[in-house]
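The values are calculated or read from the model by the stated rules, or taken from the named source; none is laboratory data. Since the structure is predicted, the reported quantities are computational estimates derived from the model, not experimental observations. Glycine also receives a Cβ, built like all others from the backbone with ideal geometry; neighbour counts cover every protein chain displayed. Heavy atoms of the whole protein, side chains included, go into the accessibility calculation; ligands, DNA and RNA do not. Shrake-Rupley method; radii C 1.70, N 1.55, O 1.52, S 1.80 Å.
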Amino acid sequence: MSPPVVRVAHRRALPGSEEAYEAVLRGMCQAVSQFPGFLGAEITPPLSPTDEYRVTIKFETDDNLATWDASDERQRWHEAMAPLTEGPPEYHLLSGLDAWFIPPRTPVAHPPSRARMALVTWLGIFPTVSVFLWFVAPYLADLPFLPRTAVLTALIVVTMTWVVMPRLVKWLKPFLHPARD
């Protein structure tokens, strides 16, 4: 299997045109997804108001990318973008192993403090463990200690991972990630 071809475009939106530019980018990504050999697209917004947008498009082959580049569809989308940007895009083509390992550029996020994470974890674990000890443990009383512990901890881990923590983190997001001044 040959590695994909990845093209990264950098372009700066005109001040005040960011929302419109992003809408056009999303439309273009939807359009390019219909072309043969398309493997994916990613829009990375600027990290700061003076930075550029990054659009990464991945195709199976150079010929697939060339088909997109020569299309009237691409031309229409680029015409729609032109009045919303400071100039033409700057392109970087990646192929070979580079194309498999392009890391996404993401805004720097500050993790919550350990104290906040510990508190939220405890808020999830305490009631979950209590419920399992109260309702399930009596049914496991005949099992030896290690199998009983294995069953209880497995049930607790599954419940915490897929039920409790996703909801708890969502509900407590303002507490975990307070606005920074």
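General remarks:
- Count of residues meeting criterion [in contact (Cβ under 8 Å) with a residue 12 or more places away in the chain and of a type in the set (S, T, Y)] in region 143-181: 1
- Hits in region 1-48 - residues which are within 16 Å of E90 (Cα to Cα) and of a type in the set (A, V, I, L, M, F, W, C): V6, V8, A9, A13, L14, L25, I43
- Residue, farthest from V8 (Cα to Cα), within region 31-57, restricted to residues that are among the charged types (D, E, K, R) and either touching a residue at least 60 places away in the same chain (Cβ under 8 Å) or open to solvent by 40 Å² or more (accessible area, probe 1.4 Å) (or both): D51
- Matching residues, region 1-30, being crowded, with 18+ Cβ neighbours inside 10 Å, under 19 Å from T67 (Cα atoms) and out of contact with any strand residue (DSSP E or B) (no Cβ under 7 Å at 6 or more places or on another chain): M28
- Hey, R167 part of a helix (DSSP H, G or I), open to solvent by less than 90 Å² (accessible area, probe 1.4 Å) and among the basic types (K, R) or not: no
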